[in-house]
Amino acid sequence: MREALLTAMILIACTFNSSTRLCCAEDNTPVDPALGKRVAELLAVGFERGPQQLANAERLYLRLKADAPDDPRIDYAQGLVLWKQLKKKEALEKFQAVTRSEGVMYHAAWKAEIWTCFVSKNDDTGYSRLMEFAKRITSGDESSSHSVDADVRWIGTIMATLGLTCETKERREDWLQAEAKLAEILPEERMEGYLAGKTEIHMKHAELESEIEQAREKVKQQRAAQLERKQARLQRSLDGAKVKREGLKRSAAEAKETFAEKTAEFQKSMDRLEKEYTLVDRRAQVLVSSIALLDQQVAMLRETTRLAGRRVDERRLEFGLTQLLNQRGIYQAECMRSVAAAEQLANTARTLHQAYAAEVDQYEKATGEIVKADVNMDTWTERALKQADDLKKTPVKPVVPKGKIQMVRSFRTYIDLDLNAERDSLLESYGVTPEGDVE
């Protein structure tokens, strides 16, 4: 199963760049090397960041526009330049100048416009243009001149990414409505490509979440090792105290001095145990809360599934369920380790208290004085053992599948505008060979 998953991830990685790339070799644009060299100059100048370079690129753009006013690639090239210069609002205007003009549909500009809207979190415009794009590519006029499968797959990657990056309830509702509209727009024979695009994103999402979980697990292991070292040092301290007690002189004056030292050492050791126990107890409570949160999210999944109806991707849901089962298992295993650590600390405290009680007896015999035991120590020990026992009794509810994984990454994590790749594809459409990337 694991090898199959890795193989699938490799295949997805091989196709991911091609499905999320905006330019497409099938755009019906004429080859014109002479004009292409001028566009290459525009891109070379504009891809160097700075106000002077941007001004120079603007002049080159205006000349090109005057000589070839009907070529949509010139506006698109200037849009790429503006994005390179971090002028995304102005870049969007250039992309819209292409998509809202009459003539042959230039797919790269449509995708760039839609992508820019969602990156800017302008969801209303983004969804509106995405629906219009889906209608046009599946209409008879456009489907015969362009690779509809690639476009539908790209729409799938967009929708999957939006579904994974919804931060609010309102954005989630907008996404569900968009899903419903796409189900009406896309023909049944195109749904396979649409779902394939969504699968690409979900595979990448799972891979990223796995990396994050591995990093978290590494930190947990490091902290557990630190706790073990502290417990070992405490045990060595107790052993050393025992050896030292055996060699002490038993005179009344020396016994009193020794008892004072041991009391201070005992208190210090108990303070250290108290702090360590607090950390373990807090971690255990966090884990219990995390398990409870998983159960809450189950209800959310059921509600989302009910609202979505038949549009739910069963394969995607099954994959999400597997992730949740693994996550729940990790939480439960760590919770049990926390319980064991709490019990170990409680037992260590009890052993330390017994050793201190023996020291008190020895001192009383040597000096005839009565030392009152610290009743707080008994209370602390009993509380520690009770809480550890309570953690053991925490009910383990059956894991109910859910489909939402907490995201810590942005829209651009999954689909980005690779300016160098867009430049290269654009120049190739003119019959010009790209020279190299610009950082």
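The values are calculated or read from the model by the stated rules, or taken from the named source; none is laboratory data. Quantities reported herein were computed from a predicted structural model and do not represent experimental measurements. Note that each Cβ is placed from the backbone with ideal geometry, even for glycine, and that neighbours are counted across all protein chains shown. These area figures cover heavy atoms from the full protein model, side chains too; ligands, DNA and RNA do not enter into them. Shrake-Rupley method; radii C 1.70, N 1.55, O 1.52, S 1.80 Å.
Relative to the Cα centre, what is the charge dipole magnitude of segment 78-182, using +1 at the beta carbon of each Lys and Arg, -1 at the beta carbon of each Asp and Glu, and rounding to the nearest 20 debye?
360
Each Lys or Arg adds one and each Asp or Glu takes one away; over the other residues whose Cβ falls under 12 Å from the Cβ of Asp67, this sums to 0.
Between Gln214 and Gln285, the contour length at 0.36 nm per residue exceeds the alpha carbon distance by 23.4 nm. Rolling a 1.4 Å probe over the protein heavy atoms leaves Asp32 with an accessible area of roughly 60 Å². Each Lys or Arg adds one and each Asp or Glu takes one away; over the other residues whose Cβ falls under 13 Å from the Cβ of Leu42, this sums to +3. Overall, segment 42-125 carries a charge dipole of about 320 debye about its Cα centre when +1 sits on the Cβ of Lys and Arg and -1 on the Cβ of Asp and Glu, all other atoms neutral. With θ taken as phi - 60° and the Karplus curve 6.51 cos²θ - 1.76 cosθ + 1.60 applied, the whole-hertz 3J(HN,Hα) list for segment 45-50 is 5, x, 7, 8, 5, x Hz, x standing for glycine and proline. For Ser147, the amide hydrogen comes within under 5 Å of no other amide hydrogen, counting only partners 5 or more places away or on other chains and with H modelled in the peptide plane. Rounded, prolate or oblate: which fits segment 34-190, taking a ≥ b ≥ c as square roots of the Cα gyration tensor eigenvalues, rounded meaning a/c under 1.5, else prolate when a/b beats b/c? It comes out oblate by the Cα gyration axes.
Taken about its Cα centre, segment 130-205 carries a charge dipole of roughly 260 debye when the Cβ of each Lys and Arg holds +1 and the Cβ of each Asp and Glu holds -1. Summary of packing: across the peptides 83-94, 101-112, 44-55, 211-222, the per-residue average of other C-beta atoms within 10 Å ranks them, highest first, as 101-112, 83-94, 44-55, 211-222. 3J(HN,Hα) couplings calculated from phi for segment 63-72 with the Karplus curve 6.51 cos²θ - 1.76 cosθ + 1.60 (θ = phi - 60°) are, in sequence order, 5, 4, 5, 5, 7, 9, x, 9, 8, x Hz; Gly and Pro show x. Phi angles of segment 80-95 translate, via the Karplus equation with coefficients 6.51, -1.76, 1.60 and θ = phi - 60°, into HN-Hα couplings of 5, 4, 5, 5, 4, 8, 6, 9, 6, 5, 5, 4, 4, 4, 5, 5 Hz per residue; Gly and Pro are given as x. Here the spin labels are modelled as points 7 Å beyond Cα on the Cα-Cβ line, and at Asp271 and Asp70 they lie 8.7 nm apart.
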